[in-house]
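Participant: I have a structure here, written as structure tokens, and I will follow up with some questions on it.
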Amino acid sequence: MALVVFLRGINVGGHRSFRPSQLAQSLRRFGAVNLGAAGTLIIIQPVSQTTLRAELTRRLPFDASIMICQGRDIVRLMSDNPFVGRAIRPEEIRFVSIMPRAPRTLPARPVRMPATGPWLVKVLATDGRYIFGLYRRHMKVIGYLGQLDQVFGAPVTTRSWSTIEAIVRILGAGRD
């Protein structure tokens, strides 16, 4: 079964910079496919999460949070799409944040940031270790997305819904 790796906090503002494409190349024996510069890898060949985590830790030039998901879970996210039927405005970006595991308790919803005034980040739903929401294009959004760690009591890494769609396309192509 395919695995999907989400690295947290790399290539943000020049901090902890490296080339994920080179990491994917070094993991080619696992059928690694790099997706963008944010640290998203799709692992096509069968490998245990323990082995993959050890390889990633050894090859990364710095300590990083590594979230590893089953490919089938990402495909399920697409089929259970929480954004279906919601009117999304052009200035709103759909996102998914991934936690290492499902939290024991969830914050009261709705989660809106900032708490007063026009929202810039809004959490719409959760599903286990996945958080679904919207953000508006604004300079302060990255700071609010960073606050999701405190809100959910766990480190999170965030990707746009279009990244999830691209992962599902790659996973689908791997079945041919």
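Nothing in this text is a laboratory measurement; each read-out follows from the coordinates by a stated rule. Since this is a predicted model, take the numbers as computed values, not measurements. Here Cβ is always computed from backbone atoms with ideal geometry, including for glycine, and neighbour counts include all displayed protein chains.
Participant: Exactly one of these conditions fails for Val47: (1) surrounded by fewer than 17 Cβ atoms within 10 Å (Cβ to Cβ); (2) in contact (Cβ under 8 Å) with a residue 12 or more places away in the chain; (3) assigned to a loop (DSSP other than H, G, I, E, B). Give me its number.
Facilitator: Failing condition for Val47: (1).
Participant: What number of residues within the stretch 99-119 satisfy the criterion of being surrounded by 12 or more Cβ atoms within 10 Å (Cβ to Cβ) and within 19 Å of the chain's Cα centre (by Cα)? Spell out how you get there, then give the answer.
Facilitator: From the stretch 99-119, those surrounded by 12 or more Cβ atoms within 10 Å (Cβ to Cβ) are 99-100, 102-103, 106-107, 111-114, 119; that's our starting set.
From the residues that got through so far, the ones that are within 19 Å of the chain's Cα centre (by Cα) too are 99-100, 102-103, 106, 111.
Qualifying residue count, the stretch 99-119: 6.
Participant: List every residue pair whose Cβ atoms lie under 6 Å apart, where the two residues are 6 or more positions apart in sequence or sit on different chains, the first residue falls within the stretch 95-120 and is among the small types (Gly, Ala, Ser), and the second residue, located anywhere, is part of a loop (DSSP other than H, G, I, E, B).
Facilitator: Going by the 6 Å Cβ cut-off, the qualifying pairs are Ser97/Val156; Ala102/Gly128; Ala102/Arg129.
Participant: Could I ask something else about it? So is Val84 buried (at least 16 other Cβ atoms within 10 Å of the Cβ) and more than 25 Å from Asp149 (Cβ to Cβ) or not? It would help to see each step written out before you state the result.
Facilitator: Working: buried (at least 16 other Cβ atoms within 10 Å of the Cβ): no; more than 25 Å from Asp149 (Cβ to Cβ): yes.
Answer is no for this residue.
Participant: Can you tell me how many residues in the stretch 87-110 are within 23 Å of Thr163 (Cα to Cα), out of contact with any Ser or Thr (no Cβ under 9 Å at 6 or more places or on another chain) and either in a strand (DSSP E or B) or of a type outside the set (Val, Ile, Thr) (or both)?
Facilitator: 6
Participant: Quick one: Tyr144 ticks every box in (1) over 23 Å from Ile74 (Cβ atoms); (2) loosely packed, with under 13 Cβ neighbours inside 10 Å except a single one, so which number is it?
Facilitator: (2)
Participant: May I ask you to say which residue of Leu41, Leu52 is part of a helix (DSSP H, G or I), in contact with a strand residue (DSSP E or B) (Cβ under 8 Å, 6 or more places away or on another chain) and closer than 21 Å to Val75 by Cα?
Facilitator: Numbers: Leu41 fails: part of a helix (DSSP H, G or I).
The conditions single out Leu52.
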